[in-house]
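Working notes for the structure below.
The values are calculated or read from the model by the stated rules, or taken from the named source; none is laboratory data. From a predicted model like this one, the values you see are computed outputs, not experimental measurements. Don't worry about glycine lacking a Cβ; one is built from the backbone with ideal geometry, like all the others, and counts go over all protein chains shown.
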């Protein structure tokens with residue numbers, strides 16, 4: 001039986017050849033870090049996103065940790081959606097901050113803005129805004145307005161949103177700073193790795209220092225900050241550079257696959273589709289649907305795999321339900337929507353090697369399994 005994976009990294013034939021040549025060039029040069037590919041990748045990523053600075057790191061989580069440390073969040077509260085990945089919360093704790101969960105809006109998969117504003121206290125310093133599944137909230141202007149009103153720093157977690165846009169603003173250019181991940185399953189990958197995007201020159205300089213053991217700017221023999229080996233090596237920078245060149249093609253394929261999914265599933269009564277407005281360019285890191293409450297998702301996922309060879313999953317488990325975080329107080333305003341939406345979410349295969357025929361098979365199999 002053919003297995004259809006949930007995700008698969010995309011490399012064009014041209015990029016594969018370029019990456020192989022690049023690896024040889026790196027080995028021949030003997031420069032394995034902070035070389036030409038790092039410089040070119042950062043420069044071109046900034047141009048693509050529309051920011052002044054991009055700083056590569058070894059992971060997306062490290063990128064977030066560096067940003068939080070720069071904003072000195074120790075002893076302060078950071079608002080974060082429970083509908084996010086565990087490292088959004090871990091990074092806050094590692095930096096000495098206090099995570100404060102906020103419920104989501106089921107239509108935007110982002111903050112419930114009323115609950116967001118009511119969660120702000122005198123101790124609140126930052127908001128981590130997650131572009132879940134690759135969708136930027138259509139309420140982004142209101143989020144910016146809330147941050148301005150209360151003088152809060154807005155940090156985008158754009159790990160799902162490479163290439164996503166709203167009103168021609170790219171994910172990673174809207175807040176004070178952003179982190180991206182290049183983990184193997186992401187739209188863009190470098191094997192693993194991350195990047196910080198910002199227009200803040202001081203943050204950019206700080207990030208460049210701490211990613212390289214905290215060495216002083218202009219005198220790398222001296223240590224000025226407590227840092228680590230958080231840099232991206234030349235091999236991964238080379239892969240990332242050519243992945244960026246493939247991004248437009250990847251996004252186009254994903255958008256067409258999503259259109260096919262929407263077409264085949266629009267009449268299915270056992271699930272609902274997330275609507276995306278015309279001014280919002282979804283990156284489609286994941287193609288997610290919302291199952292009706294009567295559907296047993298775990299049995300459905302198992303049946304899709306064993307009977308049809310199709311891999312599927314939920315978006316995420318709510319972070320507040322992870323045992324490792326059970327000592328973090330739950331908000332008085334509740335997290336009912338987060339629990340409801342994530343408990344009924346189902347992610348279907350989404351990657352550039354899928355065909356229209358594959359999408360038809362997946363949708364027909366899903367409909368059959370739902371019955």
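Remarks
- Set side by side, the residues 27, 6, 32 differ, and just one is outside the structural domain of residue 202 (by TED's automatic domain parsing) and surrounded by fewer than 18 Cβ atoms within 10 Å (Cβ to Cβ), which is 6.
- Qualifying positions in the range 148-163 - under 19 Å from residue 83 (Cα atoms) and either in a strand (DSSP E or B) or not assigned by TED's automatic domain parsing to the domain that holds residue 37 (or both): 154, 155, 156, 157
- Selected residue [farther than 30 Å from residue 25 by Cα, in contact with a strand residue (DSSP E or B) (Cβ under 7 Å, 6 or more places away or on another chain) and at pLDDT 95 or above] from 312, 263: 312
- Selection within the range 263-273 - surrounded by 16 or more Cβ atoms within 10 Å (Cβ to Cβ) and in a helix (DSSP H, G or I): 264, 265
- Only strands (runs of 3 or more DSSP E) whose full extent lies in the range 164-259 are considered here, and none of them has at least 1 residues that are at pLDDT below 95, touching a strand residue (DSSP E or B) at 6+ places or on another chain (Cβ under 9 Å) and within 21 Å of residue 136 (Cβ to Cβ).
- Yes/no for residue 80 being under 30 Å from residue 337 (Cβ atoms) and outside any loop (DSSP other than H, G, I, E, B): yes
- Looking at 74, 43, just one residue is assigned by TED's automatic domain parsing to the domain that holds residue 165, out of contact with any helix residue (DSSP H, G or I) (no Cβ under 7 Å at 6 or more places or on another chain), part of a loop (DSSP other than H, G, I, E, B) and surrounded by fewer than 22 Cβ atoms within 10 Å (Cβ to Cβ), and that residue is 74.
- Reported count of residues in the range 308-356, each being assigned to a loop (DSSP other than H, G, I, E, B) and either touching a residue at least 60 places away in the same chain (Cβ under 8 Å) or touching a helix residue (DSSP H, G or I) at 6+ places or on another chain (Cβ under 6 Å) (or both), is 19.
- Inside the range 86-104, residues that are within 14 Å of residue 339 (Cα to Cα) and either in a strand (DSSP E or B) or out of contact with any helix residue (DSSP H, G or I) (no Cβ under 7 Å at 6 or more places or on another chain) (or both) make up a count of 3.
- You will find that of 276, 289, the residue that is in a loop (DSSP other than H, G, I, E, B) and either touching a strand residue (DSSP E or B) at 6+ places or on another chain (Cβ under 9 Å) or closer than 22 Å to residue 107 by Cβ (or both) is 276 and no other.
- All of (1) surrounded by 24 or more Cβ atoms within 10 Å (Cβ to Cβ); (2) over 17 Å from the mean Cα position of the chain (by Cα); (3) part of a strand (DSSP E or B) hold for residue 55 with one exception: (2).
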